[in-house]
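Worksheet: the structure to be examined is printed underneath.
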Amino acid sequence: MPAQLGIYGLGVMGTNLARNFASRGFKVAIFNIEPKVTNTFMNKFGQEGNFVATQNVHSFIQALESPRKILMMLPAGHVVDDVIQQISTFLDAGDILIDGGNSHRSEEHT
């Protein structure tokens, strides 16, 4: 059975959101650009829920049911644009990609 949603980025917020979703019965695919982070997550929290640990973008996408629901938890800036460009080549019409990370706030809008 494929994962119901995916978390891309396992910093503090991504880790806690993945754990929260899993604690509510969701099967969660997880991915971090640094495989060591994914391995550490699974060693610490893997027993808490139904996680699918992936080591590359292709396996991350393949682990998700369609339509795919992906929550990106990335640092603000160009990394978000880079990941969107990278991941969009694997997505289909109807897939959902959410940027849930922080944003740079423009001072001109205060």
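Points to keep in mind about this one:
- For segment 25-33, Karplus couplings with θ = phi - 60° (6.51, -1.76, 1.60), whole Hz, Gly/Pro x: x, 7, 8, 10, 7, 10, 8, 9, 4
- Axis of helix 12-23 versus longest Cα principal axis of the chain: the two differ by about 40°, to the nearest ten degrees.
- In the context of the full set of protein chains, residues of segment 21-110 present 62 Å² of accessible surface per residue (probe radius 1.4 Å, heavy atoms only).
- Using the average count of surrounding beta-carbon atoms within 10 Å as a protection proxy, the listed peptides 70-81, 87-98, 35-46, 12-23 rank, highest first, as 12-23, 70-81, 35-46, 87-98.
- Helical contribution to [θ] at 222 nm, DSSP H n ≥ 4, -39,500 (n - 2.57), averaged over the chain, rounded to 500: -10500 deg cm²/dmol
- Carbon and sulfur %, accessible surface of the chain computed with the full protein complex present, 1.4 Å: 53 percent
- Each of Ile84 and Arg24 was given a label point 7 Å from its Cα along the Cα-to-Cβ line. The distance between the two points is 2.5 nm.
- Highest-fluctuation residue, Gly11, Gly49, Gly25 considered, GNM on the chain with Cα pairs under 10 Å: Gly25
The values are calculated or read from the model by the stated rules, or taken from the named source; none is laboratory data. This is a predicted model, so every value here is computed, not measured. FYI the Cβ positions are ideal-geometry reconstructions off the backbone, even for glycines, and counts take in every protein chain you see. Note: accessible area is taken over every heavy atom of the protein model, side chains too, but ligands, DNA and RNA are not part of it. Shrake-Rupley method; radii C 1.70, N 1.55, O 1.52, S 1.80 Å.
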